[in-house]
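Worksheet: the structure to be examined is printed underneath.
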Amino acid sequence: MAQKFHVTTFGCQMNVHDSERMRGMLASLGYEEASERGEADLILFNTCSIRESADSRFIAHLGEAKRLKGEDPQRIVGVGGCWAQSVKEEVFERFPFVDVAFGPGQIHKLAEFLNSDSISAQGYFEFEDFSGHLPTRREREFQGWLQISQGCNCACSYCIVPSTRGREVSRDPGELIAEAEALAADGVREVTLLGQNVNSYGRDLPPAGRIGFSELLRRVDAIEGIDRIRYTSPHPKDMKEDVIRVHAELPALCEQIHLPLQSGSSAVLKRMRRTYDRERYMDRVALIREHVPDCAITTDIIVGFPGETERDFEETLEVAEEVGYDGAFTFLFSPRRETEAATMEGQLPHPVKVERLQRLVEVVQRRAAERAQRFVGRTMEVLVEGTSRTDETRLRGRTRHGKAVNFDGVAEAGELVGVEIESATSQTLGGVAVKPLASLL
Ligand code: SF4
């Protein structure tokens with residue numbers, strides 16, 4: 001009888017992608033996926049370490065794995081991802097019931113461990129390979145990830161990623177196009193290009209055959225069957241005009257740009273080592289509005305960075321007010337071990353951070369709701385994802401702007417349909433399917 005595995009994923013889209021690769025690799029080794037952790041012979045965690053809360057949430061889950069291993073010592077417990085990479089061998093000292101640990105660049109080593117007769121715990125922490133080389137098992141057949149690079153050369157003072165994912169390495173463009181063509185042939189209509197810093201893609205490629213991010217987008221756009229292209233995460237310092245222009249030119253490239261701000265204060269951005277200031281950031285926003293007026297802009301913002309004054313925070317509110325984001329991920333500053341910001345002077349009391357976060361969320365949601373009104377009365381192209389999460393009589397999907405839509409109508413997951421938008425809130429749009437896509441074009 002086939003052995004069963006169960007994967008729990010924490011964190012970012014790169015981890016979601018890596019877990020799809022873990023599933024694909026294990027399926028190719030003859031494992032079956034268990035729906036419950038308790039049914040699994042192999043219990044895996046793909047961890048995140050971007051914030052303290054991520055660590056504590058994962059460690060709570062690990063407790064159940066310990067209990068299950070106690071019930072059946074034959075079970076194998078494995079920990080992958082950024083947290084494992086950040087603590088390395090310490091995993092086994094702190095959690096002796098863990099059998100194997102591996103960093104984001106070592107997922108393939110899990111197969112080696114499973115095929116070995118090793119009786120002792122094994123850790124693999126080199127930055128060796130792209131998980132994008134492994135077989136995959138996609139969460140949705142019609143949506144796929146394309147890992148274009150690994151690692152990050154930036155040195156944001158609060159971030160642990162460079163130490164857990166290594167230096168930036170771009171994948172070979174020919175290999176990427178071949179993989180994107182295979183995804184399209186396999187039914188993927190929407191592909192998301194993934195990297196810690198996608199818009200610095202290609203800089204480390206050998207001169208012969210070196211291309212930049214906008215050229216890569218052009219080549220993916222040219223692939224038959226790819227109807228939508230998204231990417232995450234770009235860095236404002238590398239958001240060059242050629243990348244913004246292709247949003248206006250390429251039919252498949254969606255009208256959505258995620259542009260992490262982090263702070264509206266140039267003084268705070270300097271201490272964050274973000275390498276851009278408020279002016280440069282707003283200049284990028286203006287360029288996006290010039291070339292793609294209807295583009296949705298989303299962002300990431302950290303509140304309560306060490307030394308953030310009330311005036312600094314007001315500058316963040318001003319930018320949020322001025323840009324009018326279509327959506328934002330907002331976070332409390334969380335000191336990460338071995339980062340510069342963790343020991344910086346001016347650490348703020350938690351209640352101050354929470355109070356500021358509430359004020360920011362109010363501005364972001366109000367502006368997002370105002371911005372979303374521009375869709376009411378328009379018929380938008382929606383990629384159907386399935387049944388609505390809030391009303392099983394309705395369907396759910398996303399516009400090219402990345403807006404979630406709950407709507408009445410009959411359609412299959414993976415279909416592109418025209419939806420007339422009747423209502424809009426900061427989070428979702430509401431509407432009714434009006435026509436098959438073809439009549440929209
Ligand atoms: S750009 Fe900065 S925040 Fe983003 S992964 Fe790199 S170091 Fe971390």
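The values are calculated or read from the model by the stated rules, or taken from the named source; none is laboratory data. Predicted model, so just to flag it, every value in this text is computed and none were measured. Quick reminder, even Gly has a Cβ in these numbers, built from the backbone with ideal geometry, and neighbours come from all protein chains shown. For accessibility, only protein heavy atoms count, side chains too; no ligands or nucleic acids. Shrake-Rupley method; radii C 1.70, N 1.55, O 1.52, S 1.80 Å.
Toward the positive end of the charge dipole of the range 138-254, with +1 on the Cβ of Lys and Arg and -1 on the Cβ of Asp and Glu, the farthest Cα among N153, L176, H247 is that of N153. Fully extending the segment from L287 to I211 would add 25.1 nm, taking 0.36 nm per residue of separation and subtracting the current Cα-Cα distance. Name the shape class, rounded, prolate or oblate, that the alpha-carbon gyration tensor gives for the range 4-124, where a ≥ b ≥ c are the square roots of its eigenvalues, rounded holds for a/c under 1.5, and otherwise prolate holds if a/b is larger than b/c and oblate otherwise. Cα axes put the range 4-124 in the rounded bin.
Where does the charge balance sit around V363 when Lys and Arg score +1, Asp and Glu -1, over other residues with C-beta under 14 Å from its C-beta? Once all neighbours under 14 Å are counted, the net charge is -4. Here each label is just a point 7 Å from Cα along the line to Cβ, and for K270 and F329 those points are 2.8 nm apart. Each Lys or Arg adds one and each Asp or Glu subtracts one; over the other residues with Cβ under 9 Å from the Cβ of G324, this totals -2.
Here each label is just a point 7 Å from Cα along the line to Cβ, and for A178 and R280 those points are 3.7 nm apart.
For G386, the residues whose modelled amide H falls within less than 5 Å of its own, excluding neighbours fewer than 5 places apart on the same chain, are R396. I'd like the distance separating the alpha-carbon centroids of the range 212-230 and the range 1-46, in whole Å. Centre-to-centre distance over Cα atoms comes out at 30 Å.
Using the Cβ-Cβ distance between E71 and A222 with R0 = 56 Å, the FRET efficiency computed as 1/(1 + (r/R0)^6) comes to roughly 0.55.
Most simply put, the chain has about 35% antiparallel DSSP beta bridges, counting only bridges with both residues inside it.
For the chain, with all protein chains in place and a probe radius of 1.4 Å, 51% of the accessible heavy-atom surface sits on carbon or sulfur. Taking each residue as 0.36 nm, the span from A342 to E139 lengthens on full extension beyond its C-alpha to C-alpha distance by 69.5 nm. Take the Cα of K88, step 7 Å toward its Cβ, do the same at D186, and the gap between the two points is 3.4 nm.
Descending by average beta-carbon neighbour count within 10 Å, the peptides 207-213, 86-92, 428-434 line up as 428-434, 86-92, 207-213, the highest first. Our compactness index for the range 73-199, the C-alpha radius of gyration over the empirical 2.2 N^0.38 Å, is 1.19. A 1.4 Å probe run over the protein chains yields, for the chain, 42 Å² of accessible area per residue, whole-number rounding.
Considering only alpha-carbon pairs that sit under 8 angstrom and 6 or more positions apart, the relative contact order computed for the range 4-124 is 23 percent. Ordered by 1.4 Å accessible area with all protein chains kept, H247, H350, H291 run largest first as H350, H291, H247.
If I take every Cα pair under 8 Å that is 6 or more residues apart in the chain, average their sequence separation and divide by the length, what percent do I get for the relative contact order? It rounds to 9 percent for the chain. Kirkwood Rh over Cα pairs of the range 138-254 into Stokes-Einstein at 25 °C, 0.890 mPa s: D in µm²/s? In µm²/s, the coefficient rounds to 168.
Short-range pairs are left out: with C-alpha atoms under 8 Å and at least six residues apart, the relative contact order of the range 61-153 is 22 percent. Lacking any other cysteine beta-carbon closer than 4.7 Å, the following Cys residues of the chain have no compatible partner: C12, C48, C82, C152, C154, C254, C295. Under 5 Å between amide hydrogens, built in the peptide plane, is the criterion, and for A101 it picks out V79, Q122, G123, Y124 among residues at least 5 positions away or on other chains. Between the range 266-334 and the range 356-395, the alpha-carbon centres lie 21 Å apart. Classify the range 95-163 from the C-alpha gyration tensor, please: rounded if a/c falls under 1.5, else prolate or oblate depending on whether a/b exceeds b/c. Because a/c hits 1.5 or more and a/b fails to exceed b/c, the range 95-163 counts as oblate.
In the chain, the DSSP-assigned H stretches of four residues or longer account for a calculated mean residue ellipticity at 222 nm of -10500 deg cm²/dmol, using -39500 (n - 2.57) per stretch and the full residue count as denominator.
Fully extending the segment from S163 to E370 would add 70.6 nm, taking 0.36 nm per residue of separation and subtracting the current Cα-Cα distance. For the residue pairs K4/K109; K270/K403; K270/K353, alpha carbon separations beyond 27 Å are given by K270/K403.
Taking a straight line from the alpha carbon of K237, these aspartates and glutamates sit under 14 Å away, with near neighbours fewer than eight places off in the same chain left out: D277, E279, D283. Taking the three principal axes of the alpha carbon atoms in the chain, the coordinate ranges are 62, 55, 52 Å, sorted in descending order. State the antiparallel share, in %, of DSSP beta bridges confined to the range 133-263, rounding to the nearest 5. Antiparallel: roughly 15 percent of the beta bridges in the range 133-263.
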